[in-house]
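The values are calculated or read from the model by the stated rules, or taken from the named source; none is laboratory data. Since the structure is predicted, the reported quantities are computational estimates derived from the model, not experimental observations. A quick note on method: Cβ atoms are made from the backbone with ideal geometry, for glycine too, and the neighbour counts reach across all protein chains shown.
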């Protein structure tokens, strides 16, 4: 990945799991933030020591210690433990610190209420391809976050893929689409593999072909900057093999199935957010 814009911020990660680790690696590898400006806090000492050895960042088991000098704090804990984590941060952070949350389902309002009035919060929804620098992250502003705050968040998350701005009330739809979307694609690759095997291909060959086909189609779509409908029609000859396959997908309700998956995941994201904030069951 090409080197990104360098930012002069000290960043504390509260939680050092897979997504935090991916973001830290992306920030360092693209030159967006230097390793000596990053500190990670986590109760798992083995995880911290591994990150420290690999990336030469600061590590600590003390959340309050991590945020003392930070100008940006990234909340990367599991949603269910975030409320108790927030309680220990409010008095330790600098008053001008920007808070960026990657905790699914937790609103900016809930985070803002844990901190002094006027605290700047940005909520994000990344997805797992960030682990290989190909993530898609949506970014939403809290009540007091500025355009510069959103710009900084975009810069940080571009180190692991693309980022887009959305209103916060669209974050649950983002969760249903791109947040959960990689699993839908994996399911499609599974189905292509299994179908290829049933038609006589070795399973390993079918998997390699299916995986590369999905990757190549997405790459072509991004590089050509055309609507998917245009590219689909371009490779579909009347009466040909692709037309026969697409007709079978339509008959099986393919589009409706994808729409149902996104709808169900979006609804579940809304429900989990209410539970996390104590307003649902």
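Before moving on, here are some points about what is shown:
- Residue 181 vs. criteria touching a strand residue (DSSP E or B) at 6+ places or on another chain (Cβ under 9 Å) and closer than 21 Å to residue 134 by Cβ: yes
- From the list 210, 276, the lone residue that is modelled with pLDDT under 95, outside the structural domain of residue 110 (by TED's automatic domain parsing) and surrounded by 15 or more Cβ atoms within 10 Å (Cβ to Cβ) is 276.
- Those residues of region 125-161 which are at positive phi and either surrounded by 18 or more Cβ atoms within 10 Å (Cβ to Cβ) or assigned to a helix (DSSP H, G or I) (or both), in sequence order: 161
- Answer from 141, 92, 114 - the residue that is assigned by TED's automatic domain parsing to the domain that holds residue 41 and touching a strand residue (DSSP E or B) at 6+ places or on another chain (Cβ under 9 Å): 141
- Checked against the criteria, residue 99 counts as surrounded by 22 or more Cβ atoms within 10 Å (Cβ to Cβ), outside any loop (DSSP other than H, G, I, E, B) and in contact with a strand residue (DSSP E or B) (Cβ under 8 Å, 6 or more places away or on another chain).
- Index of the failed condition, residue 190 passing every other in (1) surrounded by 22 or more Cβ atoms within 10 Å (Cβ to Cβ); (2) in a helix (DSSP H, G or I); (3) more than 12 Å from the chain's Cα centre (by Cα): (1)
- The residue that is surrounded by the fewest Cβ atoms within 10 Å (Cβ to Cβ), among those in region 42-66 that are within 19 Å of residue 85 (Cα to Cα) and in contact with a helix residue (DSSP H, G or I) (Cβ under 7 Å, 6 or more places away or on another chain), is 61.
- Listing of helices (runs of 4 or more DSSP H) fully contained in region 206-281 that carry 3 or more residues being closer than 28 Å to residue 79 by Cβ and under 28 Å from the mean Cα position of the chain (by Cα): 254-276
To keep it simple, each residue is scored yes or no on (1) within 30 Å of residue 86 (Cβ to Cβ); (2) surrounded by 11 or more Cβ atoms within 10 Å (Cβ to Cβ); (3) out of contact with any helix residue (DSSP H, G or I) (no Cβ under 6 Å at 6 or more places or on another chain); (4) in contact (Cβ under 8 Å) with a residue 40 or more places away in the chain.
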residue: 194; (1), (2), (3), (4): no, yes, yes, no
residue: 216; (1), (2), (3), (4): no, no, yes, no
residue: 242; (1), (2), (3), (4): no, yes, yes, no
residue: 266; (1), (2), (3), (4): yes, yes, no, yes
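- Between 7, 74, 59, the distinction of being assigned to a loop (DSSP other than H, G, I, E, B) and touching a residue at least 40 places away in the same chain (Cβ under 8 Å) belongs to 7 only.
- Any hit, region 17-29, residues being within 23 Å of residue 269 (Cβ to Cβ), in the same structural domain as residue 115 (by TED's automatic domain parsing) and assigned to a loop (DSSP other than H, G, I, E, B): yes
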